[in-house]
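To keep things clear, I will list the structure first and then write my remarks on it.
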Amino acid sequence: MTRVVKLRTRLRPDASGVSGTARTDRRLTALLGRVSTGDVAVLDQVDLDGPTADALVEAGVVAVLNRAEMISGRFPNRGPQILVDAHIAMVDQLVATGGRDPLSVIGDGRRVRILGGSVLIGDEVVAEGREVTAEVVTEQLGAAHAGLATQLQTLTHNSAEFVRREEALLLHGEGLPRLRTKTKGRPVVVVGQGPDDAAELRSMRRYLREMHPVVIATGDGLDVARSAGLTPDVVVLDSRTEELPAARALRSARDVVITEPPGAARGGTSTERFGRCGVRTVVMQTTAAPADAALLLADGAGARPIVGVGLRGTLEEFLDAQRDALGSGYVTRLKVGPHLVDATAVPMLYSGQLRARHAYLVLLIGLIAVAAAIATTQVGHQWALDLRDQLEQLVHDLRGRLS
């Protein structure tokens, strides 16, 4: 049922609120690529998910305006709580003046002010909605727990559909492209965008420095890897991606893999798009999300082990994923499970390689221990006396030559 709100046209001149530059886009991926510090994100997404909220927090937005409901009650999605914890203002169920589309009315690049549930340009209210406070989030998430059973059924259904569609790929590796990067028997690190991606990479510095793993990055994980000083060997992108990474960053990779749904014209316009940038690509026909395709690529190429950075891993994170990624993520982790290690576990499992100075120190300590043991015997005592006499004679000879 459509929510009708009677808009106020003016507010008190002393009202303050939160101000910023509006960034509007119905294409969520494109919007996340454009928002920056101090912006107000204006979107249209039911049940704001955790990864999207994490990206908005990382971008430094000051407010999020949503035409749809932040929490529909189907399941307890994590996104609104993440924004509450980051003290980011939220308004959902936006309605614009005259029943027009609020994203069009607000417009991209305009200076807006949010006061409670009102959106102002200058002193005029152009749209209103519900102010999503911490209390609202707590109350609605509590009620949404009843929707978990439905979301679990959706996860089960989508996983079964993904197995049916991708049977040849999952069971026989059919459709995996041949890469120029050699990964068989080598450690591989798959980098995606997640809430703790930068911290996870920092905790792995020693592992990365000593093991020199192959680095596979998704499109949204490319900047994450490069910010940590890594140059990805392989980049995996969705052919439907609107905003392409910088051509220079793609050209630095040995392989760029484009995922396309099975049955699509192989390569086609997506390959041409990258060709115009001077980027050589190979196509992988799959409905898997880029991060899941990267895991399947590494596993199919014989990588051991595979370390995941910024990837979903818990049941709550799978349920919080967007609907088209539910089955892909769950089934992929079942497939690569024996070889997959979460980045958070690496510092606990990897103690580092034995360095030369460590070996020399152990050898020196051993020699000192042997010498001390020998010195306690009668033979050792005699050796010590002989060594002392020889050293005294050597010192006497040196003094004689120098005098």
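Could you check, for region 106-123, whether at least one of its residues is open to solvent by less than 40 Å² (accessible area, probe 1.4 Å), within 30 Å of Gly219 (Cβ to Cβ) and part of a strand (DSSP E or B)?
Looking for residues that are open to solvent by less than 40 Å² (accessible area, probe 1.4 Å), within 30 Å of Gly219 (Cβ to Cβ) and part of a strand (DSSP E or B), one finds at least one in region 106-123, hence yes.
Which of (1) part of a helix (DSSP H, G or I); (2) more than 24 Å from Asp196 (Cβ to Cβ); (3) within 30 Å of the chain's Cα centre (by Cα) does Gln93 not meet, given it meets every other one?
(1)
Being among the hydrophobic types (A, V, I, L, M, F, W, C), open to solvent by 60 Å² or more (accessible area, probe 1.4 Å), out of contact with any strand residue (DSSP E or B) (no Cβ under 7 Å at 6 or more places or on another chain) and modelled with pLDDT of 70 or more is the requirement here; does Leu385 meet it?
Numbers: among the hydrophobic types (A, V, I, L, M, F, W, C): yes; open to solvent by 60 Å² or more (accessible area, probe 1.4 Å): no; out of contact with any strand residue (DSSP E or B) (no Cβ under 7 Å at 6 or more places or on another chain): yes; modelled with pLDDT of 70 or more: yes.
Here the answer is no, as Leu385 does not meet what is asked.
Filter region 190-226 down to the residues that are over 12 Å from the mean Cα position of the chain (by Cα) and among the hydroxyl-bearing types (Ser, Thr, Tyr), then identify the one that is surrounded by the fewest Cβ atoms within 10 Å (Cβ to Cβ).
So, considering only residues that are over 12 Å from the mean Cα position of the chain (by Cα) and among the hydroxyl-bearing types (Ser, Thr, Tyr), the one surrounded by the fewest Cβ atoms within 10 Å (Cβ to Cβ) is Ser203.
Show the residue pairs that are 6+ apart or on different chains and have beta-carbon atoms under 8 Å apart, the first residue being within region 179-203 and closer than 24 Å to Ala55 by Cβ, the second being of a type in the set (Ser, Thr, Tyr).
Val190/Thr218; Val191/Thr218; Gly192/Thr218; Gln193/Thr218; Asp196/Thr344; Ala198/Ser227; Glu200/Thr344; Ser203/Thr344
Yes or no: Leu65 modelled with pLDDT of 95 or more and buried (at least 20 other Cβ atoms within 10 Å of the Cβ)? Working first, answer last.
Values: modelled with pLDDT of 95 or more: yes; buried (at least 20 other Cβ atoms within 10 Å of the Cβ): yes.
Considered against the rule, which asks whether it is modelled with pLDDT of 95 or more and buried (at least 20 other Cβ atoms within 10 Å of the Cβ), Leu65 comes out as yes.
Please work out if Ala127 is open to solvent by less than 30 Å² (accessible area, probe 1.4 Å) and in contact (Cβ under 8 Å) with a residue 40 or more places away in the chain.
Answer is yes for this residue.
All but one of (1) surrounded by fewer than 19 Cβ atoms within 10 Å (Cβ to Cβ); (2) in a strand (DSSP E or B); (3) modelled with pLDDT under 95 hold for Ala30; which doesn't?
Unmet for Ala30, out of (1) surrounded by fewer than 19 Cβ atoms within 10 Å (Cβ to Cβ); (2) in a strand (DSSP E or B); (3) modelled with pLDDT under 95: (2).
In region 288-312, which residues are assigned to a loop (DSSP other than H, G, I, E, B) and more than 12 Å from the chain's Cα centre (by Cα)?
Those that are assigned to a loop (DSSP other than H, G, I, E, B) and more than 12 Å from the chain's Cα centre (by Cα): Ala288, Ala289, Ala301, Gly302, Ala303, Arg304, Pro305.
Kindly indicate whether any position in region 176-188 is in a loop (DSSP other than H, G, I, E, B), within 18 Å of the chain's Cα centre (by Cα) and either among the aromatic types (Phe, Trp, Tyr) or under 22 Å from Met348 (Cα atoms) (or both).
Our first condition is that a residue be in a loop (DSSP other than H, G, I, E, B); within region 176-188, this holds for 176-187.
Add one more test, that the residue is within 18 Å of the chain's Cα centre (by Cα), and what stays is none.
No.
The values are calculated or read from the model by the stated rules, or taken from the named source; none is laboratory data. Given the structure is predicted, the values throughout are model-derived calculations rather than measurements. We place every Cβ from the backbone using ideal geometry, glycine too, and count neighbours over all the protein chains shown. Ligands, DNA and RNA are stripped out before the accessible areas are found, and what is left, the full protein with its side chains, is counted by its heavy atoms. Shrake-Rupley method; radii C 1.70, N 1.55, O 1.52, S 1.80 Å.
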